[in-house]
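The structure appears right after this line, and notes come after that.
We did not get these values from a lab; they are worked out from the coordinates using the rules stated. Nothing here was measured: the structure is a model prediction, and the numbers come from that model. Note that each Cβ is placed from the backbone with ideal geometry, even for glycine, and that neighbours are counted across all protein chains shown.
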Ligand code: 2AM
């Protein structure tokens, strides 16, 4: 049927049936979103730079479905109901700009362009302004959930031209994941806020994965557990407060056997982690905003160190491995790892939400943090039971200065901190790096300790740069002539 419409379209014959939405970019994510939309009753027009992919879809997975192939952008525009909605699922960066330029030639004022790729939020701010200046509407939508999510229901974070929301809402909400009947897709805010929230989601995801990696690493190296034992442990943890997609897939991964060697597949996978940049963007943004997100940044650095293979190899040769006494109480230590993981996870989320809170003020986005935690409860990679506790915390107090201060999280940290400290100490003693657990603990302790070392840092800054310091007993800013003989003499006497 779709080929029939294509022939009519190419002959310029006005077809009756028009598509509800157009989608450009038929890689797996784009193709799965098309099938998801079609399965919800929408007719989708599709286009791709390499047009053979359009044909492949029409003849393959899209055969017999309400999908209209468009081999040019003119065909795409002609096949859409007005106001036209066109969603881009192409590689982030220049391809998005190039398609926007071309679409502006074939679309009309009032039409809507949605970018569902992993675009940098500053690009989305710029594109929103450009598209709006031509009288069209622009939506930068973060889409999380990978290929499976795209097909069965992702978490969608749309932001941009707010008047586009009522028009795109029925489609985006119906293809999104649902939790307790609510769609994991709500309007985030103006310009780049949708892609921003997705970026922070990914930053948190880096930290989450890092810390689960550390739990596995300690089970293996401090407790000598087998893949099967670890699989059982993660499955068991997935039934409690750590219940989440990432814990669930970790259990599955541990159970997978390599067909070639008969060993657990994990044992033959190189310990070199790749990255696509969203964790780095989140960390850069935290530095720009002046928000502490050390555990997220640590997770990015941990991936970078894993890839410094030559340095790692030379260091392994240069420094002997530590030999330490085996841990005696395995079950208690395992409980400790679980507590360390949960407490560290809470700190990483606290950091991510602190970035969002500051960004909301800085960019005037009025983000609803409780609603964002709710959107992440289904469809996306960091979906987890405990996000409900975050939603509850912000619903109770939208101005919460830090998640750690919500009564629920305060209670968890009180209960788990002793085990958390024990695990980090045992890991450090054994030369087992746990950068996520330890940076989260340092974040927690830095917040909770009443007197930090930074009085000395201020003194040093004032000493060499006359940067001045504040005093504990008086208002104002002060400078000391540190090197005058009188001052040196005074401090020598103390
Ligand atoms: P392609 O099939 O023609 O390569 C994910 O890579 C999607 O982005 C694919 O649909 C791909 O189209 C598209 N894409 C990547 N680079 C592109 C570019 N420079 N211009 C247009 N589309 C591009």
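Between the stretch 106-123 and the stretch 313-352, the C-alpha centres lie 44 angstrom from each other.
Helical runs assigned H by DSSP (4 residues or longer) give the chain a calculated mean residue ellipticity at 222 nm of -17500 deg cm²/dmol, each run adding -39500 (n - 2.57) before division by the residue total. Against the chain, whose longest principal axis comes from its Cα atoms, helix 94-106 is set at around 30 degrees. Mind pulling the angle between the C-alpha long axis of helix 309-318 and the longest principal axis of the chain? Nearest 10 degrees, somewhere in 0 to 90. The angle comes out at about 20 degrees.
Would you give the gap between the C-alpha center of the stretch 27-104 and the C-alpha center of the stretch 391-454, rounded to a whole Å? A separation of 46 Å, based on Cα centres. For the stretch 268-302 versus the stretch 133-199, the spacing of their alpha-carbon centroids is 24 Å. With 0.36 nm allotted per residue and the present C-alpha distance subtracted, the residue 472-residue 321 stretch has 49.7 nm of extension available. Computing FRET efficiency as 1/(1 + (r/R0)^6) for residue 148 and residue 101, where r is the C-beta to C-beta distance and R0 is 25 Å, gives about 0.15.
State whether the stretch 176-256 is rounded, prolate or oblate according to the following rule on the C-alpha gyration tensor (a ≥ b ≥ c being the square roots of its eigenvalues): a/c under 1.5 gives rounded; otherwise a/b larger than b/c gives prolate, and the remaining case gives oblate. It is prolate, given that a/c is not under 1.5 and a/b is the larger ratio. Here the convex hull built on the C-alpha positions of the stretch 2-191 has a volume of 104 cubic angstrom per residue. Ranked from largest, the principal axis spans of the Cα set of the chain equal 96, 64, 47 Å. Between the helical axis of 294-307 and the longest alpha-carbon principal axis of the chain there is an angle of about 80 degrees. For the stretch 149-189, the normalised intensity computed at q = 0.18, 0.27, 0.28 Å⁻¹ comes to -0.45, -0.90, -0.95 (log10 of I(q)/I(0), Debye sum over alpha carbons, equal scatterers, no solvent). Neighbour counting of Cβ atoms within 10 Å sorts the residues 59, 475, 38, 248, fewest neighbours leading, into 475, 59, 248, 38.
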